[in-house]
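Remarks on the structure that follows.
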Amino acid sequence: MTVAAIGIMCKAPRPGASKTRLARAIGAVAASELSVCFLRDVAATIEAVPEILGRKGYAVYAPAGTERVLRELFPEKFGLLLEAGEDLGDALFGATRDLLLVGHDCVLLVNGDSPTLPSRFLVQAIEALRGDGDRLVLGPASDGGYYLIGLKRPHQRLFTQIEWGTDTVFSRTCERAAEIGLATTLLPEWYDIDDVETLQWLRDELTGHSARFRGGSPASATRTFLASALPASP
């Protein structure tokens, strides 16, 4: 049976080192706890992908030494994959290469900051990657990056000369794919929660008031945390 690897790019949540932009508004401890909820919810989204498709979840993490913390956050069936490098591109390429080397037929890498990411997007990505020929799947994020990249071969060119953390990441990646003649499938747009504005987007979505983002995953952990620890201002 073919098995797709679905890896969450993450770091062990720590006050002062997690969601730093958001922490300036809600505090370092709350930001760290919210990050925990995000990771749990993205893991639940992966687990919601039908097993009949063949999939296995991973936490793709850095730095070394945080395995115990991460092991407690993720489902027992999840693997842990340490990926260190000079930048995000090194980690993304390394994870793609290493997960293909252990026998997965395709690799999806998702960020850990989209707790309502719809599981149907993961299904669409897997189905696209299992089509004939080499190909790339990208999920464009609202900030100009991407929330998902899927590959069936490790193309290092996709991860080089990219200005990570800028609004050019998605467009530059598409340019790299065109340069190497790699067919690209685009998923619907989704969003990351990095600051106060996108946190409000999340609140709007969870309360059914978002005109832009609908049909997301339940995000049960995040929903509970926001209701109890970070209630919206009246």
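Filtering Gly150, Gly133, Gly215, Gly144 for residues that are without any contact (Cβ under 8 Å) to a residue 40 or more places away in the chain and not aromatic (Phe, Trp, Tyr) leaves a single hit, Gly144. Applying the selection to region 60-109, what residues are modelled with pLDDT of 95 or more and of a type in the set (Ser, Thr, Tyr)? The answer is Tyr61, Thr96. Exactly one residue out of Ala59, Ala43, Ala91, Ala95 is among the hydrophobic types (A, V, I, L, M, F, W, C) and without any contact (Cβ under 8 Å) to a residue 40 or more places away in the chain: that is Ala43. In this structure, does Gly85 turn out to be free of Cβ contacts under 8 Å to residues at least 24 places away in the same chain and either over 14 Å from Lys11 (Cα atoms) or touching a helix residue (DSSP H, G or I) at 6+ places or on another chain (Cβ under 7 Å) (or both)? Against the criterion (free of Cβ contacts under 8 Å to residues at least 24 places away in the same chain and either over 14 Å from Lys11 (Cα atoms) or touching a helix residue (DSSP H, G or I) at 6+ places or on another chain (Cβ under 7 Å) (or both)), Gly85 qualifies.
Of the candidates Leu108, Leu34, the single residue that is surrounded by 21 or more Cβ atoms within 10 Å (Cβ to Cβ), within 17 Å of the chain's Cα centre (by Cα), touching a residue at least 12 places away in the same chain (Cβ under 8 Å) and over 30 Å from Asp134 (Cα atoms) is Leu34.
The values are calculated or read from the model by the stated rules, or taken from the named source; none is laboratory data. Just so it is clear, the structure is predicted and the values come from calculations on it, not from any experiment. We place every Cβ from the backbone using ideal geometry, glycine too, and count neighbours over all the protein chains shown.
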